[in-house]
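Engineer: Here it is, the structure in full.
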Amino acid sequence: MKAIRVHGPGGPEALRYEEIEQPVPGPGQVLVKVEAAGVNFIDVYQRSGHYKVPVPFTLGQEAAGAVAAVGPGVAEPKLGERVAYTTVLGAYAEYAVVPADRVVQLPDGVSAKQGAAAMLQGLTAHYLATTTYALKAGEACLVHAAAGGVGLLLCQIAKLRGARVLGTVSTREKAALARGAGADEVILYTEQDFETEVKRLTNGAGLQVIYDSVGKTTFERGLSCLALRGMMVLYGQSSGPVGPFDPQVLNQKGSLFLTRPTIAHYIATRAELIARAGEVLGWIQRGMLKVRIDRELPLAQAAEAHRLLEARQSMGKVLLIP
Ligand SMILES: NC(=O)c1ccc[n+]([C@@H]2O[C@H](COP(=O)([O-])OP(=O)(O)OC[C@H]3O[C@@H](n4cnc5c(N)ncnc54)[C@H](OP(=O)(O)O)[C@@H]3O)[C@@H](O)[C@H]2O)c1
């Protein structure tokens, strides 16, 4: 089968389209015929060596398709069932072996492409808005990179919970998309000082929570945008890592909370995975949550997909189609 392999850290050119042996599911595993694989920023970090993975490896953390074989002892899912999964390495391929307890069934009416687009970014947006800081009606939140993959979904889920959503984006085109996803106010953080704008838009009251996936260029100023006892949820670093941090700052800025969550810890049990995925895929099925698939590229063009992501050119989801 064909797969995108990494033999050593590097730029997008480190992604090699290769012929490798089709994997065989072992006990407790299933083989998924990948119909669509999601491209995520974590793939960039793993390709570049920022997050260490022993080489060689097949990249990709998210896919959807049909169960093509089941290993010994697997009762569910069944052969042929339409499934999706995330946080298992090896999705940039025609077939992937996945632990049976990590896959979820795709509901009727939700396509494999929607499933592949919703698992990592959708479940992330879900845990951020419903668990890390469980937004309540009337509360004000800031979503950085609001037209990004997680961003567009997070704006919508925050609105479903009745929050007031402020978003930041780099271009006017992205601003229109963020508004379409429900953002009440959109700040062009490449032209305006977002701290000044947040203070103006909240009449100085500040925000209950900031969902920050940008990191280096936004983190510090964000701390000055929070209301007393507000929460900084730093969940990514698309502009680079945040440097060393003095906890005393949290005291000075208003007894703030800081957390650095990751999806794996919010779908650690089968029950939590099923509950989150069930709600997200159910919202998609009922038209309450829109997944914006920005680009579909052939698997062989994975390097191009990475270039788009790193150059801030993606608006929503980028998929690879084997
Ligand atoms: N902790 C978790 O559980 C978790 C889960 C999923 C994703 N993440 C993280 O969340 C972040 C966003 O992920 P995503 O897949 O949804 O990506 P994305 O938002 O679709 O893409 C990243 C966006 O970040 C913004 N950005 C700002 N400065 C940037 C820079 N210097 N270089 C590149 N982009 C920059 C860009 O939006 P503008 O052009 O509008 O600035 C860009 O479109 C990533 O850091 C990812 O690792 C974390």
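The values are calculated or read from the model by the stated rules, or taken from the named source; none is laboratory data. Computed from a prediction, not measured in an experiment: that's the story for all the values here. All Cβ positions, glycine included, derive from the backbone under ideal geometry; neighbour counts span all protein chains shown.
Engineer: Quickly run through segment 193-221 and pick out the residues that are within 13 Å of the ligand (Cβ to nearest atom), part of a helix (DSSP H, G or I) and either of a type in the set (A, V, I, L, M) or within 21 Å of the chain's Cα centre (by Cα) (or both).
Structural biologist: Correct list: F219 only.
Engineer: Here are some conditions: (1) in contact with an Asp or Glu (Cβ under 6 Å, 6 or more places away or on another chain); (2) within 13 Å of the ligand (Cβ to nearest atom); (3) within 30 Å of P25 (Cα to Cα); (4) of a type outside the set (S, T, N, Q). H144 meets all but one. Which one does it not meet?
Structural biologist: Result: H144 passes all but (3).
Engineer: Further question on the same structure: Can you say whether V67 is under 20 Å from A268 (Cβ atoms) and among the aliphatic types (A, V, I, L, M), as far as the supplied structure shows? Don't jump to the end; show me each part of the working.
Structural biologist: Values: under 20 Å from A268 (Cβ atoms): no; among the aliphatic types (A, V, I, L, M): yes.
It is false that V67 is under 20 Å from A268 (Cβ atoms) and among the aliphatic types (A, V, I, L, M).
Engineer: Just to be sure, is A64 in contact with a strand residue (DSSP E or B) (Cβ under 8 Å, 6 or more places away or on another chain), closer than 23 Å to Q156 by Cβ and at pLDDT 95 or above? Talk me through it step by step, then tell me what you get.
Structural biologist: On the way: in contact with a strand residue (DSSP E or B) (Cβ under 8 Å, 6 or more places away or on another chain): yes; closer than 23 Å to Q156 by Cβ: yes; at pLDDT 95 or above: yes.
Answer is yes for this residue.
Engineer: May I pose another question? If the requirement is being in contact with a strand residue (DSSP E or B) (Cβ under 7 Å, 6 or more places away or on another chain) and without any contact (Cβ under 8 Å) to a residue 60 or more places away in the chain, which of these qualifies: Y51, Y85, Y92? Walk me through how you get there before you give the answer.
Structural biologist: On the way: Y51 fails: in contact with a strand residue (DSSP E or B) (Cβ under 7 Å, 6 or more places away or on another chain); Y92 fails: without any contact (Cβ under 8 Å) to a residue 60 or more places away in the chain.
Criteria check complete, one pass: Y85.
Engineer: What residue, of A275, A300, A305, is under 17 Å from M119 (Cβ atoms), more than 16 Å from the ligand (Cβ to nearest atom) and at pLDDT 95 or above? Please lay out each step first, then the result.
Structural biologist: On the way: A300 fails: under 17 Å from M119 (Cβ atoms); A305 fails: more than 16 Å from the ligand (Cβ to nearest atom).
Being under 17 Å from M119 (Cβ atoms), more than 16 Å from the ligand (Cβ to nearest atom) and at pLDDT 95 or above holds for just one of A275, A300, A305, which is A275.
Engineer: Testing A75 on (1) free of Cβ contacts under 8 Å to residues at least 40 places away in the same chain; (2) within 16 Å of the ligand (Cβ to nearest atom), one condition comes back false. Which one is that?
Structural biologist: Just one mismatch for A75, condition (2).
Engineer: Here's a follow-up. Taking K2, is it surrounded by fewer than 18 Cβ atoms within 10 Å (Cβ to Cβ) and within 16 Å of the ligand (Cβ to nearest atom)? I'd like the intermediate steps shown before the answer.
Structural biologist: Numbers: surrounded by fewer than 18 Cβ atoms within 10 Å (Cβ to Cβ): yes; within 16 Å of the ligand (Cβ to nearest atom): no.
Taking the combined requirement at face value, the residue does not satisfy it.
Engineer: Let me ask you something else. Please work out which one of (1) within 16 Å of the ligand (Cβ to nearest atom); (2) at pLDDT 95 or above is the condition R270 fails and give its number.
Structural biologist: With respect to (1) within 16 Å of the ligand (Cβ to nearest atom); (2) at pLDDT 95 or above, R270 is out only on (1).
Engineer: A further question on this structure: Filter segment 29-44 down to the residues that are away from the ligand (no atom under 15 Å from the Cβ) and among the aliphatic types (A, V, I, L, M), then identify the one that is surrounded by the fewest Cβ atoms within 10 Å (Cβ to Cβ). Break it down stepwise before answering.
Structural biologist: The initial filter retains those residues of segment 29-44 that are away from the ligand (no atom under 15 Å from the Cβ), namely 29-36.
With the extra rule that they be among the aliphatic types (A, V, I, L, M), the set shrinks to 30-32, 34, 36.
Working: V30: 26, L31: 21, V32: 31, V34: 27, A36: 25.
Out of the qualifying residues, it is L31.
Engineer: Here's a follow-up. Within segment 151-189, work out how many residues are more than 10 Å from the ligand (Cβ to nearest atom), among the small types (G, A, S) and farther than 20 Å from N40 by Cβ.
Structural biologist: Qualifying residue count for the region: 7.
Engineer: Can you pull out every residue in segment 291-322 that is in contact (Cβ under 8 Å) with a residue 60 or more places away in the chain, out of contact with any Leu (no Cβ under 8 Å at 6 or more places or on another chain) and charged (D, E, K, R)?
Structural biologist: Taking segment 291-322 first, the residues in contact (Cβ under 8 Å) with a residue 60 or more places away in the chain are 291-293, 296, 299-300, 302-307, 309-310, 312, 314-322.
Applying the additional criterion that residues be out of contact with any Leu (no Cβ under 8 Å at 6 or more places or on another chain) yields 300, 307, 309-310, 312, 317.
R307, E310, R312, K317, listed by residue number.
Engineer: On to the next question. Given the structure, is Q208 farther than 27 Å from L319 by Cβ, polar (S, T, N, Q) and touching a residue at least 60 places away in the same chain (Cβ under 8 Å)? Full working, then the answer.
Structural biologist: Details: farther than 27 Å from L319 by Cβ: yes; polar (S, T, N, Q): yes; touching a residue at least 60 places away in the same chain (Cβ under 8 Å): yes.
Yes: the conditions hold for Q208.
Engineer: May I ask you to list the residues in segment 45-60 that are over 13 Å from R5 (Cα atoms) and either more than 10 Å from the ligand (Cβ to nearest atom) or touching a helix residue (DSSP H, G or I) at 6+ places or on another chain (Cβ under 9 Å) (or both)? Give the derivation first.
Structural biologist: Filtering segment 45-60 down to residues over 13 Å from R5 (Cα atoms) leaves 45, 49-52.
If the condition is that a residue be over 13 Å from R5 (Cα atoms) and either more than 10 Å from the ligand (Cβ to nearest atom) or touching a helix residue (DSSP H, G or I) at 6+ places or on another chain (Cβ under 9 Å) (or both), then G49, H50, Y51, K52 are the ones that fit.
Engineer: May I ask you to say which residue of V214, V233 is touching a Pro at 6+ places or on another chain (Cβ under 9 Å), in contact (Cβ under 8 Å) with a residue 40 or more places away in the chain, aliphatic (A, V, I, L, M) and surrounded by 14 or more Cβ atoms within 10 Å (Cβ to Cβ)?
Structural biologist: Sole residue among the options that is touching a Pro at 6+ places or on another chain (Cβ under 9 Å), in contact (Cβ under 8 Å) with a residue 40 or more places away in the chain, aliphatic (A, V, I, L, M) and surrounded by 14 or more Cβ atoms within 10 Å (Cβ to Cβ): V233.
Engineer: Any residue at all in segment 100-108 that is in contact with an Asp or Glu (Cβ under 9 Å, 6 or more places away or on another chain), assigned to a strand (DSSP E or B) and within 29 Å of L308 (Cα to Cα)?
Structural biologist: For segment 100-108, residues in contact with an Asp or Glu (Cβ under 9 Å, 6 or more places away or on another chain), assigned to a strand (DSSP E or B) and within 29 Å of L308 (Cα to Cα): present.
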